[in-house]
Every structure is written in C-alpha cells, then in structure tokens.
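Structure, as structure tokens:
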Amino acid sequence: MTAPSAANPAVDFLLIGGGFFGYAKEIAATLERRGRHVRWFEDRPAVDNLTKALVRLAPALVAAKAEAYFDAIIEEVRAQPIRDVLVIKGESLSPAAIGRLRQALPRARFTLYFWDSYRNMPSGSAEKVVYFDKAYTFDSADASRDARLTYRPLWFLDEYQGLPLVDQDIDVLFFGTVHTDRYAVVKRLSRVLPPELKFEKVMYFPSRLIYRARRAFDPDFWGARDGEFIFKPLDKKAILSLIARSRIVVDIERSVQSGLTMRTIEMLGAGRKLVTTNPASRDADFFDAHNIAVIDRAKPLVTEEFLSQSYRPPPDEILRRYSLAGWIDEVLGA
C-alpha cells in the first residue's frame, strides 16, 4: 500500500454507489472540496449490461462474484483512517458483506441512502438497514412503512442553476429512457396538448433488441416508428442545452415508486416548470401549482392557464435544501 503523503492523502471517506450520470463523482468532488479524502467504488461487481441484468433479475448467479468484489474493497480500505462510509443503494452489497465491512472499519459512521423504492430493488434490501447508523430513502411511502428510514428527497447539481440564457424555442420537453408505460403516456400527452406548442421528445432505448421486443409484443408500440427513438444516450451537455431551451419539462416516474425523481428536483434547480405523473409532488415543500402540474398518466390534462404562466421562483432556502450541498448537509451533517 502506498504511504499517505500530501499528494496521496489517507482516505477518510468511503463511498459505495452506482456511477451512472456522474452523481457519485459529483458527491465525491463536493466532499473533497470540504476537505474529505474520498475513495469511491461501484455498488456492483461490474457495470456491463449482462452483469447489470443478472444483478436485477438473477442476483444468485453473481452473488459469489459480488462477495469477492466487496472483500477486495475491504482489504484495500481496512488500513485507512476512514471516518465515514456512505452507501447509496448498495445493489449488490449483501448484509453479510456490510457486516464484514463494519468489522474492518469499527470506528466509521455508516450511512445508507436508497435512491430507489423497495418495490424496485432486490427483495433483501430492507435487511441491510440494521447495519447502518443512519438510513435514508427518497421514497416517502417506504419511510412511512419502515420507521428505520428517514425520508429525504434527492438533489440537483449546481450546473442546473447555471443554465445559459438562450431562446426558449421548446414549449414542452420530454427526455428519458423508454421503460414501463412512458411511451404510452407521452403519446397520450401529445394528443391533449395544443397543436401549436412545440413538444420535443427525446426517447432513449438502451438497445435495439429491447426496442424490437417492445415493437413485437407491446401493443402500445405497434404503431411506433424507428425515427421516434435514439439508441445512444445524450451526454450531460446536450441534456442541459435542451433544458435551457425549454419552458416546461415532463416527468414520468415508475408507477412502483412514490419518490420524487431526479428530474423533478433538477427542474427545481433549473427554474423550469414541470408536468409530472407523480401525485407525491403535491406533498413536497416546494410544490407550487403555478410551477408544477400533476397529471393522470391514463388521462393526462394540462390547463391552458398552466401552459401560459411564467415560472415563479421558489424561496432561496428551498433551493439551498435541494442542492447537492444541502443534501450532504442533511444526510451526513458534513
């Protein structure tokens, strides 16, 4: 092991969480700016499509690989002066592995954050909570059913508050992965919006094979056209550019969750109006009917008044709370 030095300081913060969309790196970078020295690991033994699918659909097939992966992490960090361990979701991290990690780092404070709902995670997820000093969830329904969890919504990154001032030539924008009933909801919404509005749709399939299967077996896709979809995800710069050009952004959450999506919180930071299928939005402390329209995913309706009104900025303390810095303050107290 390399001895700590000014150029290679000892690790005092261990972060385990998925790296998608760069969120884990942003958390690590924010902590580093606060003087912490962070080591980050994925919460799965690999991030190829096969492993990701097996972790979700047949975790027993990758259990041995996951245990070996986390044991290697434990050996790497056990000699470090780690004061905090933050696990975000911990998809492949078993209760037994958490127990071994706690034994290796007996002085560390262990914090768990679920940014997914119990109903959308592996069945043993609730068994992990007992191993942590503090446990949070983004899903208010999970928090109400499991008293060990504290409800704390997600966050937005600073770049959403710094969007460029450009012409807003997009009235309504939807962008996201085409999962569950999203395509059907987008089609229904298209039919009820005034035809003069520009409704930009960026719908992503992670593979053409999945798209072909939906075309073949899902009646909602029988009339779909290839040109409606993209098969390579947009990078963050392109997404931010689209949001900057838009007045209203559409959010369609998975029906198995009640937690506010990252899209919901990001639009709060971006200062963009939101049309969402998530009724839990009405319970948020930042809810303003001037800015957020909650629609029925089966029979969407958006009033002309909402479509024409300008955005009404929320109080500064709300923006602070839902920034990444505010999330870290609340979850870690650091």
Looking only at segment 104-133, which residues are hydroxyl-bearing (Ser, Thr, Tyr), within 17 Å of the chain's Cα centre (by Cα) and closer than 13 Å to Leu86 by Cα?
Tyr113
Filter the helices (runs of 4 or more DSSP H) completely within segment 15-86 down to those with at least 2 residues that are assigned by TED's automatic domain parsing to the domain that holds Leu240 and charged (D, E, K, R).
none
All positions within segment 281-334 that are assigned to a loop (DSSP other than H, G, I, E, B), surrounded by 16 or more Cβ atoms within 10 Å (Cβ to Cβ) and either charged (D, E, K, R) or assigned by TED's automatic domain parsing to the domain that holds Glu32 (or both)
Arg297
Could we say that Glu266 is in a loop (DSSP other than H, G, I, E, B), within 24 Å of Ala143 (Cα to Cα) and touching a strand residue (DSSP E or B) at 6+ places or on another chain (Cβ under 8 Å) here?
no
Scanning for something over 29 Å from Phe13 (Cβ atoms) and in a loop (DSSP other than H, G, I, E, B), does segment 236-252 turn up at least one residue?
yes
Quick one: Phe70 ticks every box in (1) in contact with a helix residue (DSSP H, G or I) (Cβ under 6 Å, 6 or more places away or on another chain); (2) aromatic (Phe, Trp, Tyr); (3) over 14 Å from Glu42 (Cα atoms) except a single one, so which number is it?
(3)
Cβ-Cβ under 7 Å, sequence separation 6+ or interchain: first residue in segment 193-211 and in a helix (DSSP H, G or I), partner exposed (fewer than 14 other Cβ atoms within 10 Å of the Cβ). Which pairs?
Arg208/Phe231
Among Ala24, Ala66, the single one that is surrounded by 12 or more Cβ atoms within 10 Å (Cβ to Cβ), under 21 Å from Leu112 (Cα atoms) and either free of Cβ contacts under 8 Å to residues at least 24 places away in the same chain or in contact with a Lys or Arg (Cβ under 8 Å, 6 or more places away or on another chain) (or both) is Ala66
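The values are calculated or read from the model by the stated rules, or taken from the named source; none is laboratory data. Predicted model only: the values in this text are computed from it and were never measured. Cβ sites come from the backbone with ideal geometry, for glycine too, and all protein chains shown count toward neighbours.
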